[in-house]
Amino acid sequence: MPVKITVTQNTFTAYLSGEIDHHSAKSIREEIDEAVTRMTPEEVYLDFKDVVFMDSSGIGLVMGRYSLIQEHGGQLRLRNMSSHIRKVMRLAGLDRLVLIENGGVRI
Amino acid sequence: MKRQNEMKLTFKSRGINESFARTAVAAFVASLDPTVDELSDIKTAVSEAVTNAIVHGYRESIENIYISAAIYPDNRVVIKIKDNGCGIGDIGKAMEPMFTTCTTGERAGLGFAVMKSFCDSVKVASRVGKGTTVTLTRKISSRGSINE
């Protein structure tokens, strides 16, 4: 499952793409966790621009990364989520837990 | 009410088939000309039910999962996802949001909550040791009809 990670100064961005389900979530999780644990960034963005499908596995993915990043004292932000992805996230109340941004504008 | 169209699928409980199953159901439903949102909702609900069958029903062992889907003249789509896995002891509990038997913390326990939220109705029939059937019903606002 393709995850592209870019790091500039203290901003760490994981660009997710394709479909996020139980099957694909495992490798996404492993890739992000490995990099986060190694770099302990202050700000972590998960970018959903190229995600075409997500089920509740995406909620588990965000919640798990949220705890890990908090342990390192960092902050997690979600970016560029489609209305469908947002709908799934809202079911879990993740919109109240994590900062959601679209493009550069916080909503 | 008479079925206007129907299909049946049998596939192995491999993770890679989660994508196959929801895409196949979406392709079947496409004859009703659903909106993008309706199609996303159906794909997501099917994905949850199939994932439950793989992760909980069969506990990652490789067995058959059966899907049947039917379209009714009032644009209702009824999708049944069936496994012959371990079954659910307490369906009420299993359907509670955030309840999960997963101990790794990576499953949110929201599968049924997603199904309920994205479908008009969700029914679960299960017998311990025999398996589980989840029936999802969703009405499509439909701009098209399969008779056109």
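None of the figures in this text is laboratory data; all of them are computed from the coordinates on show. Just so it is clear, the structure is predicted and the values come from calculations on it, not from any experiment. Cβ atoms come from the backbone with ideal geometry, glycine included; neighbour counts cover every protein chain shown.
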Spatial separation of Cα centroids for the range B:1-70 and the range A:58-75, in angstrom: 30 Å
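If you stretched the chain out fully between B:T137 and B:K123, how much longer would it get, using 0.36 nm times the residue separation minus the C-alpha to C-alpha distance? Intermediate results must be reported in sequence, preceding the final value.
Details: separation 14, 0.36 × 14 = 5.04 nm, distance 0.87 nm.
Difference between extended and current length: 4.2 nm.
With Cβ to Cβ distances under 12 Å as the rule, what net charge do the other residues near A:V3 carry (K, R +1; D, E -1)? Intermediate values should be presented prior to the final figure.
Working: positive: A:K4, A:K26, A:R29, A:R65; negative: A:E30, A:E31, A:D33, A:E34, A:D47, A:D50.
Result for the local shell: -2.
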Summed side-chain charge close to B:K8 - residues other than B:K8 whose Cβ falls under 11 Å, Lys, Arg +1, Asp, Glu -1: +1
Ascending count of other beta-carbon atoms within 10 Å, so fewest first, for A:S57, A:S82, B:S13, B:S61: B:S61, A:S82, B:S13, A:S57
Computed FRET value (nearest 0.05) for A:I5 with B:I16, which takes r as the C-beta separation and R₀ as 30 Å: 0.80
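To the nearest 20 debye, what charge dipole does the protein assembly as shown have about its Cα centre, counting +1 at the Cβ of each Lys and Arg and -1 at the Cβ of each Asp and Glu?
740 debye
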Antiparallel content of DSSP bridges confined to the range A:3-106, in %, to 5: 30 percent
Hypothetical label at B:N5: residues of the range B:41-74 whose amide nitrogen lies under 15 Å (7 Å Cα-Cβ projection): B:69-74
GluC sites (Glu not before Pro) within the range B:39-107: DSSP coil, no more than 12 neighbouring Cβ in 10 Å: B:E60
Those GluC sites (Glu not before Pro) in the range A:37-107 that DSSP places in a loop and that have at most 16 other beta carbons within 10 Å: A:E42
Restricting the range B:1-91 to trypsin sites (Lys or Arg not before Pro) in coil, as DSSP defines it, with at most 12 other Cβ within 10 Å: B:K2, B:R3, B:R59
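When a footprinting reagent is the concern and you count Cβ atoms within 10 Å, what order do B:L39, A:L46 take, fewest first? Don't skip to the end; give the middle numbers.
Details: B:L39 20, A:L46 26.
Ordered by Cβ neighbours within 10 Å, fewest first: B:L39, A:L46.
Under a point-charge model restricted to the Cβ atoms of Lys and Arg (+1) and Asp and Glu (-1), what is the dipole moment magnitude of chain B relative to its Cα centre, in debye to the nearest 20? Provide the component values of the computation, followed by the final result.
Values: 20 positive and 16 negative charges, 91 e Å.
Around 440 debye, computed over chain B.
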In degrees, nearest ten, helix B:17-29 long axis to first principal axis of chain B (Cα): 20 degrees
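Which FRET efficiency, nearest 0.05, do A:E101 and B:R59 yield, Cβ-Cβ r, R0 51 Å?
Values: r = 39 Å, r/R0 = 0.76.
So, using R0 = 51 Å, E works out to roughly 0.85.
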